[in-house]
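Visitor: Pasting a structure here, questions to come.
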Amino acid sequence: MMQKSDPTLDHRAARPRGRPRAFDRARALAQATRLFWIKGYEATSIADLTEAMGIGAPSLYAAFGSKEALYGEAVRHYEANYEQLVWGRFRTATTAREALEAFLLDSASALTGAPDDHPLGCMVTLSAVGSEGHAELGELVRSARAVTLQRLEARLSEAIAVSELPPSTDIHAVARFYQAVQAGMSILARDGASRAELEAVARLALARGDV
């Protein structure tokens, strides 16, 4: 006699497989940013990016348009997610001296990977994309680097306005000095200098500065 099929089993057999995991654009961008940060623009291939982001090349182009556009987004992602590590205490400092101290000492921490073990050095400071023949991206990172000078000059101007610094202070030169110190610290961090070594550089710069 023919047995009736078990409707429960039939239902399980017909059940569709689960949907594939949705593409996480934010996570993919974070992975791309980390890779560009470590290797730079030119040395990072599409194959490197797709492997790090966990997607195929068609998906990369569909989501970001091109490698150039992805790098531009990565720079903006870097600024949005990491600049607070350097500029947070700078913004709330009550004096220019305290602001500059926070800027350099917090840079020593951030450039050596604290607090989340991110890559060493500053992605923007270390970028050579402009000299690699990518003019538009080069202008993007130059503009990002210029922000440091602008913020330092603005804070020093405030100090003069409240008589914390003498009117004769060469704001541009002082700001350039501390910008150059931080840029040098970024290179040293990439080469393996410790946080303690960079803090020593920062304190020496502060001791010899005009603020």
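The values are calculated or read from the model by the stated rules, or taken from the named source; none is laboratory data. Not measured: the values here are computed from a predicted model. Accessible surface is based on the protein model in full, side chains and every heavy atom, while ligands, DNA and RNA are left aside. Shrake-Rupley method; radii C 1.70, N 1.55, O 1.52, S 1.80 Å.
Visitor: Whole number please: convex hull volume per residue of the Cα set in the stretch 64-202, in Å³?
Guide: 117 Å³
Visitor: May I ask you to compute the full-extension gain from Arg176 to Leu149, defined as 0.36 nm times their residue separation minus their alpha-carbon distance, rounded to one decimal in nm?
Guide: 9.1 nm
Visitor: Quantify, in whole percent, the carbon and sulfur part of the accessible surface of the stretch 136-202 (1.4 Å probe; protein heavy atoms only).
Guide: Heavy-atom surface of the stretch 136-202 belonging to carbon and sulfur, 1.4 Å probe: 57 percent.
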